[in-house]
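A short write-up of the structure that comes next.
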Amino acid sequence: MRYIEPHGHMVSRTTDDYLDMVTAGCAAVCEPAFWAGFDRGSASGFRDYFGQLTEHEPRRAARYGLPHFCWLCINPKESEDTRLAEDVIALIPEFLGRPTVLGIGEIGLNKNSRNELRVLEMHVDLAARHDQLILVHTPHLEDKLKGTRLILDVLRADSRIRPERVLIDHVEEHTVRMVLDHGHWGGMTLYPISKCTPARAVDILDVYGSDRLWMNSACDWGESVPLAVPRTALEMRRRGWSAAAVDRVVYQNPVRFLSQCPKFRLPEEG
Amino acid sequence: MTRQQVLDLYFMDARCKLIEVAAFLDRVDRATGEADFRTVAFRDALRHLASEGTGRTAAVLRTLSDPTEQPVERAPGKGAVGAWPG
């Protein structure tokens with residue numbers, strides 16, 4: 001089996017995880033910029049982080065033969081401080097030309113505040129000005145439904161944004177339809193407790209189809225499972241999905257979306 | 001999948017989770033002190049389990065969600081607790 005891990009916070013993981021993922025068939029990993037678990041105090045901390053994402057982490061993954069790509073932003077969890085966000089967003093263009101940067105992400109909302117919305121709009125403007133793909137984080141738990149609606153409103157309000165170049169992540173049963181109806185891609189995050197289980201993710205595929213959906217582990221420093229995607233592929237096989245149909249979801253779909261960025265190339269593609 | 005296949009694959013897992021929910025509610029009731037909005041939201045969401053149709057999952061998620069539409073003035077923190085405090 002082959003699969004893409006389209007959303008993994010690998011700076012938080014050990015090299016054992018890289019070994020396990022490659023052993024399970026992972027062909028590439030994509031790492032959105034994330035909250036470190038504490039608020040960084042200055043833009044210079046982000047400059048170092050973007051260096052880690054674009055230089056150090058690809059080298060670490062390459063030791064296991066795994067292509068590593070990334071997305072850049074200031075995460076919604078740090079968006080309440082708009083001055084800091086402005087400084088960080090001003091840094092991002094100097095990194096956009098690096099060979100493994102796929103776009104702007106994971107932007108979005110966390111607690112659905114006015115400042116978070118303002119920073120989301122700044123990120124969307126940045127992506128539009130630089131013709132970048134967008135990866136969107138939707139809020140957690142009780143904040144997801146409202147936050148997803150607000151995010152869709154922001155994207156729809158910017159006429160420069162092409163919906164098919166935006167993936168809205170962490171969809172669940174109450175948000176997936178609205179994301180797909182707006183023409184975006186949807187991402188299902190496979191978490192042990194707080195997002196989709198493998199069984200529910202396959203339910204969503206059964207109900208809504210697999211045309212514009214992908215699955216990811218979003219593994220980070222919290223409770224998460226780096227092998228969640230291949231485990232969900234096993235769940236699909238247990239439910240009668242053919243190997244070809246599983247491959248479309250866990251490999252071909254991420255390739256289809258990510259290949260809209262010309263820098264996303266896998267080794268066998270030359 | 002046939003219903004028999006679904007039952008064969010998921011019944012024991014769902015049975016386990018059903019009993020865990022019952023045990024959780026018993027635990028809450030045995031405990032002392034005041035409960036909070038999470039208990040109310042949980043019990044409200046439970047009513048969807050006995051409903052007909054295939055929209056139970058989305059209905060439960062909506063019941064646990066913030067139903068308002070306007071952004072809040074300031075983020076009250078970073079975390080989420082799983083139910084809307086109102």
Item to check | Search result, residues across the stretch B:12-40 that are within 24 Å of B:Pro85 (Cβ to Cβ), hydrophobic (A, V, I, L, M, F, W, C) and part of a helix (DSSP H, G or I) | outcome: B:Val21, B:Phe24, B:Leu25, B:Val28, B:Phe37, B:Val40
Checklist entry - Picking from A:Gly222, A:Gly183, A:Gly187, which residue would you name as being on the phi > 0 side of the Ramachandran plot and either in a strand (DSSP E or B) or more than 11 Å from every other protein chain (Cβ to nearest Cβ) (or both)? => result A:Gly183
Item to check | Matching option when the condition is in a strand (DSSP E or B) and at pLDDT 95 or above, among A:Ile89, A:Ile107 | outcome: A:Ile107
Checklist outcome for this item: Selection from the stretch B:57-68 of residues of a type outside the set (A, V, I, L, M) and facing chain A (nearest Cβ under 7 Å) yields B:Thr57, B:Arg62, B:Ser65, B:Asp66, B:Thr68
Checklist entry - From A:Asp206, A:Asp158, which residue is within 11 Å of another protein chain (Cβ to nearest Cβ) and at pLDDT 95 or above? => result A:Asp206
Next on the checklist: If I filter the stretch B:17-39 down to residues being within 13 Å of chain A (Cβ to nearest Cβ) and free of Cβ contacts under 8 Å to residues at least 12 places away in the same chain, which single residue comes out as farthest from A:Glu235 (Cα to Cα)?
Outcome noted: B:Glu20
Checklist entry - Filtering the stretch A:41-74 down to residues that are more than 21 Å from A:Leu133 (Cβ to Cβ) and aliphatic (A, V, I, L, M), which residue is surrounded by the fewest Cβ atoms within 10 Å (Cβ to Cβ)? => result A:Ala62
Next on the checklist: On the basis of being within 8 Å of chain A (Cβ to nearest Cβ) and free of Cβ contacts under 8 Å to residues at least 12 places away in the same chain, does B:Arg74 make the cut?
Outcome noted: yes
Item to check | Those residues of the stretch B:18-39 which are surrounded by fewer than 11 Cβ atoms within 10 Å (Cβ to Cβ) and either polar (S, T, N, Q) or closer than 24 Å to A:Gly240 by Cα (or both), in sequence order | outcome: B:Thr32
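The values are calculated or read from the model by the stated rules, or taken from the named source; none is laboratory data. None of these values were measured; they are calculated from a predicted model. FYI the Cβ positions are ideal-geometry reconstructions off the backbone, even for glycines, and counts take in every protein chain you see.
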